[in-house]
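One structure below.
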Amino acid sequence: MDRAVAERLVRDGRRGWRADSFLGGLSCAAQLALAERAELVSFASGALLIREGDVSSEVFLLVASYVKVTAALVDGGWTLVAVRMSGDLVGELAGMSGAPRSASVRACGVVPVSAMRLDWSEFDAVAERYPEVLRRLQETVSRKLTAATRRRVDFHHRSPTVRLARVLVEMADDFGQSVRGREVILPVDLKHMEWGELIGVSESTAYRALRELRDLVDAHHRRVIVTDLTGLRRVADGV
């Protein structure tokens, strides 16, 4: 990427990248180094960034909008695994291991996904020059694995309502947008079926769990609004 374009992208992007996201936690110099080695790409809603099973080493740094991470089911179809927002890194596990892609990543939302695309070798070269990039990578992978492990444990030991509360709190903390005092909007469009996939239950069970949380969460709009994050956190903690 041309340096002037890279500088403009980083300057504009820093306003929207969360401090705890991969890009948001890097210095301006490291962000610029990644941008200069990257290709800026755009994906309309529904377009694939990564296809499960492919053998490739590209990684994507999300500049704007969000993506859904999905995995194929043995009996056909797919299930929603995670949602990643602007500032996040996707595709790093296949880049690190050289193994086939373990999941698909698809653009979502009304706003097209803008991303920086790098081959793993280019990403690794920046990481060698800027140790903070390697530290952020390790933190990112650790956080994703911890979340995945917790959800597997929750599946066997927590009710659907508690599991959903935990996912909602996690999203509110990670990328929720605060409005009107204590209300928090989750800037993702998910159907009941997809909420169910995130916590390992059917669409009808997810609907009932949302109903049980109705005093804490408003799910009647296109996007979920957390109306009482403190109360939702108590449910998530099993209090």
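The values are calculated or read from the model by the stated rules, or taken from the named source; none is laboratory data. Because the structure is a prediction, the values reported are computed rather than measured. Please note: Cβ atoms are built from the backbone with ideal geometry, for glycine as well, and neighbour counts cover all protein chains shown. Remember, those area values only see protein heavy atoms, side chains included, never the ligands or the DNA or RNA. Shrake-Rupley method; radii C 1.70, N 1.55, O 1.52, S 1.80 Å.
Worth a mention:
- Screening region 9-29 for residues that are among the small types (Gly, Ala, Ser) and within 28 Å of residue 172 (Cβ to Cβ) and picking the one that is nearest to the chain's Cα centre (by Cα) gives 21.
- Beta carbons closer than 9 Å, at least 6 apart along the sequence or on distinct chains, pair a first residue in region 128-147 that is of a type in the set (Gly, Ala, Ser) and open to solvent by less than 40 Å² (accessible area, probe 1.4 Å) with a second that is at pLDDT below 95 and assigned to a helix (DSSP H, G or I) for 147/170.
- Hits in region 130-145 (condition: more than 19 Å from residue 36 (Cα to Cα) and over 18 Å from the mean Cα position of the chain (by Cα)): 135
- Output for region 200-219, where each listed residue is in contact (Cβ under 8 Å) with a residue 40 or more places away in the chain and over 24 Å from residue 230 (Cβ atoms): 200, 201, 205
- Any hit, region 101-113, residues being surrounded by fewer than 16 Cβ atoms within 10 Å (Cβ to Cβ), more than 26 Å from residue 225 (Cα to Cα) and modelled with pLDDT of 85 or more: yes
- Selection status of residue 98, within 16 Å of the chain's Cα centre (by Cα) and open to solvent by less than 60 Å² (accessible area, probe 1.4 Å): no
- Positions within region 1-45 being open to solvent by 30 Å² or more (accessible area, probe 1.4 Å), over 13 Å from residue 63 (Cβ atoms) and among the aliphatic types (A, V, I, L, M), in sequence order: 4, 19, 29, 44
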